[in-house]
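What follows is a single structure, written as structure tokens, with notes after it.
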């Protein structure tokens, strides 16, 4: 088992969250709250009403949980690649595109049990637009922080409440991570010069950024449904009876275009975040496997 991939995946995920969290907050608000009409309007309103803190609401728990889920994703992916390679009798040789796709799919699905509770807490805190700085006559935030939000969901909705939106989360992350790793591996191969096994670091950064954008292109529609189901009933009467009703009702009221309304901000966030994620992952994995004097980019899909 490749333990180094679990460790480096954990740190890579945490760095990625830190880089992309402000835009993630804007994205979630655009997806779930109709008073926000676009990226700029949402950003200005958030800063005006809540200050810089408004962009980082609920970040502490996702840093922890996404570190764990990213560890599961990268570790599962790497070990699935090895298992599939061994199954066809080509241990140590290059993996096929199909093996990369299936391993990415497995990694995306494997992380759902770990990810779902932290994700619903993140979404609810991000959508909490009330400011603690407001006066006595202003509405107060429902949740005091990540732990209070987590405990409140358990108290009001039970343990299963932490897994609301888990189905669209799985349908988002399975295909998204399959596309993500396949895109990364393919671009790295294109950018690898003849006679070399690996691209240089600029190639890793470009491949990571484009892979993130490709993954979100696939995952954005389910991301919208996930966020709406997670917020449904948190502050008002429940609108949706379930997964399929959420899709049909959202389409009926707002049109099919709503599923891609946040795609632009997902692309804007995905490129720098996933540059950081893959560079961190490759550096740490190389360091853990060979030591600080032998860190070369990158390994995914090539060994």
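Structure notes:
- 0 to 90° range, to nearest 10: angle between helix 112-126 axis and the chain longest Cα axis: 40 degrees
- Inter-label distance, nm, simple model (7 Å from Cα along the C-beta direction), residue 87/residue 47: 5.0 nm
- Taking each residue as 0.36 nm, the span from residue 159 to residue 254 lengthens on full extension beyond its C-alpha to C-alpha distance by 31.0 nm.
- Over all distinct Cα-Cα pairs of the chain, the Kirkwood formula returns a hydrodynamic radius of 20.0 Å.
- 0 to 90° range, to nearest 10: angle between helix 60-87 axis and the chain longest Cα axis: 30 degrees
- Relative contact order for segment 1-77, counting Cα pairs under 8 Å that sit 6 or more residues apart, in percent: 58 percent
- Length-normalised contact order of segment 3-290 in % [C-alpha pairs under 8 Å, at least 6 apart]: 25 percent
- Relative to the longest principal axis of the Cα atoms of the chain, the long axis of helix 3-32 lies at roughly 30 degrees.
- Sequence-separation-based contact order of segment 73-114, relative, with Cα cut under 8 Å and 6+ spacing, percent: 56 percent
Readers should treat all values here as calculations from the given coordinates under stated rules, not as data from a laboratory. As the structure is a computational prediction, the values presented were derived from the model and not from experiment. So basically every Cβ, Gly included, is an ideal-geometry build from the backbone, and we count neighbours across all protein chains shown.
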